[in-house]
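The values are calculated or read from the model by the stated rules, or taken from the named source; none is laboratory data. This one's a predicted model, so the numbers in the text were calculated from it and none came from an experiment. Please note: Cβ atoms are built from the backbone with ideal geometry, for glycine as well, and neighbour counts cover all protein chains shown. Accessible surface is based on the protein model in full, side chains and every heavy atom, while ligands, DNA and RNA are left aside. Shrake-Rupley method; radii C 1.70, N 1.55, O 1.52, S 1.80 Å.
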Amino acid sequence: SDRESVSYLSQREAAEIDEILMGPLGFSVDQLMELAGLSVATSIAEVYKPVEHSRILAICGPGNNGGDGLVAARHLHHFGYRPFICYPKRTAKPLYDGLITQLESLSVPFLSAEELPEDLSESFDVVVDAIFGFSFHGTPRPPFDDLTHRLAILGDNDRKIRKLPAVVSVDIPSGWHVEEGDVNGDGIKPDMLVSLTAPKLCARKFSGAHHFLGGRFVPPSIAEKFNLRLPQYPGTSMSVRIGKPPRVDISSLRENYISPEFSEAHAEADPYAQFQKWFDDALAAGSKEPNAMALSTAGKDGKPSSRMVLLKGFNADGFVWYTNYSSRKAHQMAENSQAALLFYWDKLNRQVRIEGPVEKVSEKESEEYFHSRPRGSQIGAIVSKQSTVIPGRQV
């Protein structure tokens, strides 16, 4: 979402929206805290993968912002991260006691401010700043003055020289003025800001790489009353990126692949049985369209081309997919019956390569498949002349 097309809230507007949500609209504090914490956790998971950023320290303040951090830590634990909590000034209310009990039941460690290492980069990959929210006034008192200072130092260091933990601020960077931002220029400089409900005015001064909005709960009545322009949330996500993702050096993109050991001793003698096992694994892992495969063909000129198609069945006779007989790939296979298939299941770090000759299935089998398709797909296939140029979209 374009950051300039999104509304930003003043401190008064933010407080008024909270009052309406927890008054006439019937939301409870713990409901909003749960939604906010889940939004923070999903934003972190979007950018910082647990393979390289598993150790997360959540520094939680005494108010609702700290509660958001506690909830986020619980969700991050279930997402596969290793959260740690620093919660120096605990709020003596049943809601917060319950959050602590939930984390303790998961064996999430609680660290005092004194137990934190002097250099946070040695022990943590991500630090969540959930200390102060938009209602905070004045100057931080101990131990939060020292904690915010240590977070600010992380942002001042050169990440090209050494690996530093990413700093993620919840709603506003702690110590910032809710409308004017980092007034003195020596405050926290987070790598990620997760705004809640709608960004606060200080978020215009945020210059980090990742700005997300969380809080998929704003009803139309509030949006209309405050004339809010809010981005669309993708799919079922609880968070949405504001602004463009940062440009990255493609050569530096890398993953540490961690997969179960697989050796010849574990392989099925029958390759079709092995494929069935792995296909079932891909289904169980929740892979999106595990039957998607790259089909590579080449005609008599020898020039290869690839495209994605869907597997529709397989057995000892081979792997079945369907295509328009007048398409480019069909013409190439008519000239050269040799083709290759490639499956890639990223959640399992597995790929399967299949090579061999192609032949048409029977007309009866082809007809049965065609008539099993949705009516709209049948009509689309009939009128579409695949691999040909058309004058425009209106056609």
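Data table
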read-out	value
Efficiency of FRET between Lys163 and Glu115 - r from beta-carbon atoms, R0 25 angstrom, step 0.05	0.65
Peptides 250-257, 59-66, 99-106 ordered by average Cβ neighbours within 10 Å, highest first	59-66, 99-106, 250-257
FRET E, pair Val361, Thr236, Förster distance 41 Å, beta-carbon r, rounded to 0.05	0.65
Full-stretch length increase - Ala223, Ile382 - with 0.36 nm per residue and alpha-carbon distance subtracted	52.7 nm
Volume in Å³ per residue [convex hull over Cα atoms, computed for the chain]	219
The chain, accessible area per residue, ligands and nucleic acids excluded (1.4 Å, Å²)	56
Entries of Lys277/Lys303; Lys303/Lys364; Lys288/Lys312 with Cα pairs more than 24 Å apart	Lys277/Lys303; Lys303/Lys364
Surface share of carbon and sulfur [accessible, 1.4 angstrom probe, percent] for region 266-383	52
Heavy-atom accessible surface of region 11-246: percent carbon and sulfur, 1.4 Å	51
Set of lysines with alpha-carbon distance to Lys163 below 21 Å, sequence-local pairs under 8 removed	Lys49, Lys189
Separation of the Ser252 and Asp186 label points, Cα + 7 Å toward Cβ, nm	2.9
Where labels lie 7 Å past Cα in the beta-carbon direction, separation of Arg353 and Ala267 in nm	1.3
Helical segments meeting 24 Å axial Cα length and Kyte-Doolittle 0.5 threshold in the chain (DSSP H)	29-47
Separation between Cα centres of region 294-350 and region 231-258, rounded to whole Å	30
